[in-house]
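One structure is given below, encoded as C-alpha coordinates.
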Amino acid sequence: MRKKIGNILNTVGLKKPLVKLDLYVRSKYRETKKNIRIAGIPYLVKMRSTNGYYAIDFDSDWNGFGSRIVKTLEILFYCDIKGLTPLIKYNYQEKTDKNKDYFKEIFFYKQPVTIEEKKIKFTKIRDNDELWKIDYNQKLRLDFAKSLFDKYLGINRDVLNEVATFKEQWFQDKKILGVHYRGTDKVGEALLVPKERLLECITQVIENDPVLKIIFLSTDDKEIIDFLKRSSLPLPLVYRDDSVRSGDGEQFHRKQEVSKSLINRDAIVNCLLLSNCHVLLKTASILSDCSVIFNPSIEVKVMSIPHNNDLTWWPATEINKYAIFNPGN
(Lines give C-alpha, C1' and ligand atoms only; values in the text may rest on other atoms or scores of the structure.)
Protein backbone atom coordinates (compact mmCIF):
# COMPACT_ATOMS: atom_id res chain seq x y z
CA MET A 1 0.00 0.00 0.00
CA ARG A 2 2.81 2.44 0.91
CA LYS A 3 4.59 1.62 -2.33
CA LYS A 4 1.41 2.25 -4.30
CA ILE A 5 0.86 5.63 -2.62
CA GLY A 6 4.52 6.48 -3.24
CA ASN A 7 4.13 5.72 -6.95
CA ILE A 8 1.03 7.90 -7.17
CA LEU A 9 2.78 10.81 -5.41
CA ASN A 10 5.77 10.39 -7.70
CA THR A 11 3.52 10.45 -10.75
CA VAL A 12 1.93 13.76 -9.75
CA GLY A 13 5.31 15.22 -8.75
CA LEU A 14 4.63 15.44 -5.00
CA LYS A 15 6.86 12.67 -3.63
CA LYS A 16 10.12 14.64 -3.43
CA PRO A 17 8.63 17.79 -1.82
CA LEU A 18 6.64 15.69 0.67
CA VAL A 19 9.76 13.73 1.64
CA LYS A 20 11.60 17.02 2.21
CA LEU A 21 8.67 18.31 4.28
CA ASP A 22 8.66 15.11 6.36
CA LEU A 23 12.40 15.39 7.05
CA TYR A 24 11.99 19.07 7.95
CA VAL A 25 9.12 18.38 10.36
CA ARG A 26 11.01 15.51 12.01
CA SER A 27 14.11 17.68 12.40
CA LYS A 28 12.13 20.55 13.92
CA TYR A 29 10.34 18.15 16.26
CA ARG A 30 13.65 16.77 17.56
CA GLU A 31 15.07 20.27 17.91
CA THR A 32 11.98 21.52 19.76
CA LYS A 33 11.98 18.49 22.05
CA LYS A 34 15.65 19.04 22.89
CA ASN A 35 15.09 22.74 23.59
CA ILE A 36 12.20 21.93 25.91
CA ARG A 37 14.41 19.47 27.82
CA ILE A 38 17.29 21.95 28.07
CA ALA A 39 14.91 24.61 29.39
CA GLY A 40 12.97 22.38 31.79
CA ILE A 41 15.47 19.90 33.23
CA PRO A 42 17.65 22.39 35.19
CA TYR A 43 14.53 23.80 36.88
CA LEU A 44 13.24 20.30 37.65
CA VAL A 45 16.57 19.15 39.14
CA LYS A 46 16.89 22.32 41.23
CA MET A 47 13.38 21.89 42.61
CA ARG A 48 14.07 18.24 43.48
CA SER A 49 17.45 18.98 45.11
CA THR A 50 16.03 21.16 47.90
CA ASN A 51 16.55 18.17 50.24
CA GLY A 52 20.30 18.34 49.55
CA TYR A 53 20.43 15.40 47.13
CA TYR A 54 21.28 15.84 43.47
CA ALA A 55 19.71 12.74 41.93
CA ILE A 56 20.48 12.13 38.25
CA ASP A 57 19.36 9.17 36.14
CA PHE A 58 21.77 9.03 33.20
CA ASP A 59 19.39 7.39 30.70
CA SER A 60 21.17 7.11 27.37
CA ASP A 61 21.96 4.42 24.83
CA TRP A 62 24.78 6.35 23.15
CA ASN A 63 27.36 6.78 25.89
CA GLY A 64 29.87 4.06 26.64
CA PHE A 65 31.10 3.22 30.11
CA GLY A 66 34.18 5.45 29.93
CA SER A 67 32.02 8.39 28.93
CA ARG A 68 29.71 7.69 31.87
CA ILE A 69 32.63 7.76 34.31
CA VAL A 70 33.72 11.17 33.02
CA LYS A 71 30.17 12.54 33.13
CA THR A 72 29.86 11.17 36.67
CA LEU A 73 32.96 13.16 37.63
CA GLU A 74 31.37 16.28 36.15
CA ILE A 75 28.33 15.72 38.38
CA LEU A 76 30.55 15.10 41.42
CA PHE A 77 32.45 18.31 40.68
CA TYR A 78 29.22 20.29 40.42
CA CYS A 79 27.89 18.80 43.66
CA ASP A 80 31.18 19.47 45.44
CA ILE A 81 30.98 23.14 44.49
CA LYS A 82 27.29 23.47 45.38
CA GLY A 83 27.41 21.46 48.61
CA LEU A 84 25.03 18.79 47.33
CA THR A 85 25.11 15.01 47.79
CA PRO A 86 25.23 13.22 44.40
CA LEU A 87 23.03 10.23 43.63
CA ILE A 88 23.43 8.67 40.20
CA LYS A 89 21.87 5.95 38.09
CA TYR A 90 23.18 4.45 34.86
CA ASN A 91 20.31 3.34 32.70
CA TYR A 92 19.50 2.68 29.08
CA GLN A 93 16.37 3.54 27.13
CA GLU A 94 16.22 -0.04 25.87
CA LYS A 95 16.07 -1.39 29.43
CA THR A 96 13.18 -3.78 30.17
CA ASP A 97 13.77 -4.22 33.92
CA LYS A 98 12.65 -0.96 35.55
CA ASN A 99 14.26 -1.89 38.89
CA LYS A 100 17.74 -2.51 37.45
CA ASP A 101 20.41 0.03 38.40
CA TYR A 102 23.62 -0.42 36.42
CA PHE A 103 25.45 2.17 38.51
CA LYS A 104 25.18 0.16 41.74
CA GLU A 105 26.44 -2.96 39.96
CA ILE A 106 29.84 -1.22 39.86
CA PHE A 107 29.92 1.61 42.42
CA PHE A 108 28.76 2.43 45.94
CA TYR A 109 28.34 5.76 47.75
CA LYS A 110 30.86 6.75 50.40
CA GLN A 111 28.36 9.09 52.04
CA PRO A 112 25.31 7.25 53.44
CA VAL A 113 21.89 8.23 52.12
CA THR A 114 19.88 9.47 55.12
CA ILE A 115 16.60 10.10 53.32
CA GLU A 116 13.93 7.51 52.50
CA GLU A 117 14.45 6.14 49.01
CA LYS A 118 10.83 6.81 48.00
CA LYS A 119 11.36 10.51 48.72
CA ILE A 120 14.26 10.78 46.27
CA LYS A 121 13.17 11.96 42.84
CA PHE A 122 15.67 11.14 40.09
CA THR A 123 15.67 13.26 36.95
CA LYS A 124 16.30 11.45 33.66
CA ILE A 125 18.83 13.09 31.36
CA ARG A 126 20.35 12.12 28.01
CA ASP A 127 23.56 14.07 28.62
CA ASN A 128 25.04 16.57 31.05
CA ASP A 129 24.51 19.49 28.69
CA GLU A 130 20.86 19.28 29.74
CA LEU A 131 21.89 20.17 33.30
CA TRP A 132 24.10 23.24 33.00
CA LYS A 133 25.30 25.86 30.55
CA ILE A 134 28.76 25.77 32.15
CA ASP A 135 31.15 23.20 30.64
CA TYR A 136 32.28 21.33 33.76
CA ASN A 137 34.11 18.79 31.60
CA GLN A 138 36.82 21.30 30.74
CA LYS A 139 37.13 22.34 34.40
CA LEU A 140 38.22 18.86 35.52
CA ARG A 141 41.91 18.11 36.05
CA LEU A 142 43.88 14.92 36.61
CA ASP A 143 45.53 16.32 39.71
CA PHE A 144 42.24 16.26 41.66
CA ALA A 145 39.86 13.96 39.73
CA LYS A 146 40.84 10.79 41.62
CA SER A 147 40.44 12.44 45.05
CA LEU A 148 37.08 13.85 43.92
CA PHE A 149 35.94 10.36 42.91
CA ASP A 150 37.21 8.82 46.16
CA LYS A 151 35.41 11.44 48.24
CA TYR A 152 32.00 10.35 47.02
CA LEU A 153 32.29 6.89 45.44
CA GLY A 154 33.90 3.51 45.86
CA ILE A 155 34.21 0.50 43.55
CA ASN A 156 32.38 -2.64 44.64
CA ARG A 157 34.46 -5.30 46.35
CA ASP A 158 33.66 -8.05 43.80
CA VAL A 159 35.06 -5.86 41.00
CA LEU A 160 38.24 -5.10 42.97
CA ASN A 161 38.64 -8.78 43.83
CA GLU A 162 38.55 -9.71 40.15
CA VAL A 163 41.19 -7.11 39.37
CA ALA A 164 43.36 -8.32 42.26
CA THR A 165 43.07 -11.96 41.16
CA PHE A 166 44.20 -11.15 37.62
CA LYS A 167 47.08 -9.04 38.91
CA GLU A 168 48.22 -11.79 41.27
CA GLN A 169 48.20 -14.32 38.44
CA TRP A 170 49.92 -12.25 35.75
CA PHE A 171 51.34 -8.95 37.00
CA GLN A 172 52.93 -9.87 40.34
CA ASP A 173 55.87 -7.48 40.85
CA LYS A 174 56.75 -7.17 37.16
CA LYS A 175 56.81 -3.95 35.17
CA ILE A 176 53.79 -4.07 32.86
CA LEU A 177 53.11 -2.51 29.48
CA GLY A 178 49.38 -1.90 29.16
CA VAL A 179 48.05 -1.70 25.60
CA HIS A 180 44.56 -0.47 24.83
CA TYR A 181 43.39 -0.82 21.25
CA ARG A 182 39.93 0.46 20.44
CA GLY A 183 38.54 -0.57 17.05
CA THR A 184 34.99 -1.09 15.69
CA ASP A 185 32.91 2.13 15.93
CA LYS A 186 35.81 4.28 17.18
CA VAL A 187 36.78 5.03 13.57
CA GLY A 188 33.96 7.57 13.57
CA GLU A 189 35.91 9.63 16.12
CA ALA A 190 39.56 8.94 15.29
CA LEU A 191 41.70 7.34 12.58
CA LEU A 192 41.98 3.60 13.02
CA VAL A 193 45.53 2.56 13.91
CA PRO A 194 46.60 -0.24 11.53
CA LYS A 195 47.58 -3.43 13.32
CA GLU A 196 51.07 -3.27 11.78
CA ARG A 197 51.59 0.17 13.28
CA LEU A 198 50.33 -1.09 16.63
CA LEU A 199 52.97 -3.83 16.53
CA GLU A 200 55.62 -1.25 15.59
CA CYS A 201 54.64 0.96 18.54
CA ILE A 202 54.67 -1.95 21.00
CA THR A 203 58.12 -3.03 19.80
CA GLN A 204 59.48 0.51 20.05
CA VAL A 205 58.19 1.01 23.60
CA ILE A 206 59.74 -2.29 24.74
CA GLU A 207 63.08 -1.46 23.07
CA ASN A 208 63.12 1.88 24.90
CA ASP A 209 62.23 0.30 28.25
CA PRO A 210 63.96 -3.10 28.67
CA VAL A 211 62.66 -3.45 32.24
CA LEU A 212 59.16 -4.22 30.92
CA LYS A 213 58.27 -7.89 31.41
CA ILE A 214 54.61 -8.42 30.40
CA ILE A 215 52.20 -6.97 27.81
CA PHE A 216 48.63 -6.63 29.07
CA LEU A 217 46.25 -6.13 26.14
CA SER A 218 42.76 -4.67 26.40
CA THR A 219 40.73 -4.48 23.19
CA ASP A 220 37.22 -4.74 21.81
CA ASP A 221 38.56 -6.41 18.64
CA LYS A 222 39.28 -10.16 18.59
CA GLU A 223 41.27 -9.81 15.35
CA ILE A 224 43.85 -7.69 17.17
CA ILE A 225 44.35 -10.42 19.78
CA ASP A 226 44.79 -13.03 17.05
CA PHE A 227 47.21 -10.81 15.12
CA LEU A 228 49.42 -10.08 18.13
CA LYS A 229 49.43 -13.74 19.16
CA ARG A 230 50.76 -14.60 15.68
CA SER A 231 53.36 -11.82 15.82
CA SER A 232 56.85 -12.23 17.21
CA LEU A 233 56.33 -10.16 20.32
CA PRO A 234 59.42 -9.75 22.51
CA LEU A 235 57.36 -10.23 25.70
CA PRO A 236 54.54 -12.54 26.86
CA LEU A 237 51.03 -11.30 25.98
CA VAL A 238 48.16 -11.58 28.47
CA TYR A 239 44.57 -10.37 28.29
CA ARG A 240 41.33 -10.74 30.15
CA ASP A 241 38.74 -13.22 28.88
CA ASP A 242 36.07 -10.56 28.28
CA SER A 243 32.44 -11.62 28.13
CA VAL A 244 31.83 -9.66 24.92
CA ARG A 245 34.28 -8.90 22.11
CA SER A 246 33.80 -8.13 18.41
CA GLY A 247 34.91 -10.84 16.00
CA ASP A 248 33.78 -9.13 12.79
CA GLY A 249 34.86 -5.53 13.24
CA GLU A 250 31.33 -4.44 14.10
CA GLN A 251 30.50 -2.56 17.30
CA PHE A 252 28.68 -4.52 19.99
CA HIS A 253 28.18 -2.19 22.97
CA ARG A 254 25.13 -0.51 21.42
CA LYS A 255 23.37 -3.70 20.37
CA GLN A 256 20.17 -4.23 22.32
CA GLU A 257 20.66 -7.98 22.68
CA VAL A 258 24.05 -7.59 24.40
CA SER A 259 23.97 -7.39 28.20
CA LYS A 260 24.96 -3.92 29.42
CA SER A 261 25.86 -5.46 32.78
CA LEU A 262 28.49 -7.66 31.11
CA ILE A 263 29.79 -4.82 28.94
CA ASN A 264 30.12 -2.50 31.95
CA ARG A 265 31.85 -5.20 33.98
CA ASP A 266 34.35 -5.86 31.18
CA ALA A 267 34.95 -2.13 30.87
CA ILE A 268 35.62 -1.31 34.53
CA VAL A 269 37.87 -4.35 35.11
CA ASN A 270 39.94 -3.60 31.99
CA CYS A 271 40.09 0.07 32.94
CA LEU A 272 41.42 -0.72 36.41
CA LEU A 273 43.90 -3.31 35.10
CA LEU A 274 45.27 -0.74 32.65
CA SER A 275 45.59 1.74 35.52
CA ASN A 276 47.76 -0.83 37.34
CA CYS A 277 50.26 -0.96 34.48
CA HIS A 278 53.47 1.06 34.51
CA VAL A 279 53.28 2.23 30.88
CA LEU A 280 50.06 2.72 28.92
CA LEU A 281 50.14 2.60 25.11
CA LYS A 282 46.71 3.53 23.81
CA THR A 283 44.54 4.55 20.92
CA ALA A 284 41.92 7.29 21.24
CA SER A 285 39.43 6.08 23.84
CA ILE A 286 37.68 7.57 26.85
CA LEU A 287 37.86 4.23 28.67
CA SER A 288 41.66 4.12 28.73
CA ASP A 289 41.67 7.87 29.43
CA CYS A 290 39.84 6.92 32.61
CA SER A 291 42.70 4.58 33.51
CA VAL A 292 44.83 7.69 33.79
CA ILE A 293 42.22 9.22 36.13
CA PHE A 294 42.64 6.26 38.46
CA ASN A 295 46.46 6.42 38.15
CA PRO A 296 47.64 9.93 37.15
CA SER A 297 51.29 8.90 37.54
CA ILE A 298 51.16 6.27 34.77
CA GLU A 299 53.40 6.90 31.75
CA VAL A 300 51.07 7.37 28.77
CA LYS A 301 51.79 7.05 25.04
CA VAL A 302 48.92 7.94 22.67
CA MET A 303 48.89 6.45 19.16
CA SER A 304 45.82 8.24 17.78
CA ILE A 305 43.72 11.30 18.54
CA PRO A 306 40.17 12.32 17.55
CA HIS A 307 39.61 13.83 14.10
CA ASN A 308 39.03 17.33 15.51
CA ASN A 309 38.74 19.31 18.74
CA ASP A 310 34.94 18.93 18.79
CA LEU A 311 35.47 15.20 19.36
CA THR A 312 38.07 15.65 22.10
CA TRP A 313 36.94 15.82 25.72
CA TRP A 314 38.71 15.77 29.06
CA PRO A 315 40.77 13.90 30.09
CA ALA A 316 42.07 13.51 26.51
CA THR A 317 42.37 17.31 26.25
CA GLU A 318 44.88 17.12 29.10
CA ILE A 319 46.57 13.80 28.29
CA ASN A 320 47.16 14.57 24.61
CA LYS A 321 49.21 17.65 25.47
CA TYR A 322 52.11 15.49 26.62
CA ALA A 323 51.54 11.89 25.51
CA ILE A 324 51.48 11.75 21.69
CA PHE A 325 53.71 8.87 20.58
CA ASN A 326 55.49 8.68 17.22
CA PRO A 327 57.81 5.65 17.08
CA GLY A 328 61.14 6.30 15.46
CA ASN A 329 61.08 10.04 16.23
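Within the range 152-180, can you find the residues that are more than 24 Å from residue 323 (Cα to Cα) and not in a helix (DSSP H, G or I)?
153, 154, 155, 156, 172, 173
Give the residues of the range 303-329 that are farther than 22 Å from residue 139 by Cβ and either in contact (Cβ under 8 Å) with a residue 40 or more places away in the chain or assigned by TED's automatic domain parsing to the domain that holds residue 194 (or both), sorted by residue number.
303, 304, 307, 325, 327, 328
Output the residue which, of all residues in the range 222-255 that are aromatic (Phe, Trp, Tyr) and more than 20 Å from residue 272 (Cβ to Cβ), is modelled with the highest pLDDT.
227
Looking at (1) touching a Pro at 6+ places or on another chain (Cβ under 7 Å); (2) not in a loop (DSSP other than H, G, I, E, B), which one does residue 284 not meet, given that it meets all the others?
(2)
Quick one: in the range 88-102, of everything that is among the charged types (D, E, K, R) and at pLDDT below 65, which residue is surrounded by the most Cβ atoms within 10 Å (Cβ to Cβ)?
Here is the first cut: in the range 88-102, the ones among the charged types (D, E, K, R) are 89, 94-95, 97-98, 100-101.
Then keep just the ones that are at pLDDT below 65; that gives 94-95.
Working: 94: 11, 95: 15.
The qualifying residue surrounded by the most Cβ atoms within 10 Å (Cβ to Cβ) is 95.
Within the range 189-230, can you find the residues that are among the aromatic types (Phe, Trp, Tyr) and outside any helix (DSSP H, G or I)?
216 - this is the single residue of the range 189-230 that is among the aromatic types (Phe, Trp, Tyr) and outside any helix (DSSP H, G or I).
Could you check the range 103-152 and list, in sequence order, the residues that are surrounded by 11 or more Cβ atoms within 10 Å (Cβ to Cβ) and basic (Lys, Arg)?
Selection gives 104, 110, 121, 124, 126, 139, 141, 146, 151.
The values are calculated or read from the model by the stated rules, or taken from the named source; none is laboratory data. Keep in mind that what you see is a predicted model, and the values were worked out from it rather than measured. A quick note on method: Cβ atoms are made from the backbone with ideal geometry, for glycine too, and the neighbour counts reach across all protein chains shown.
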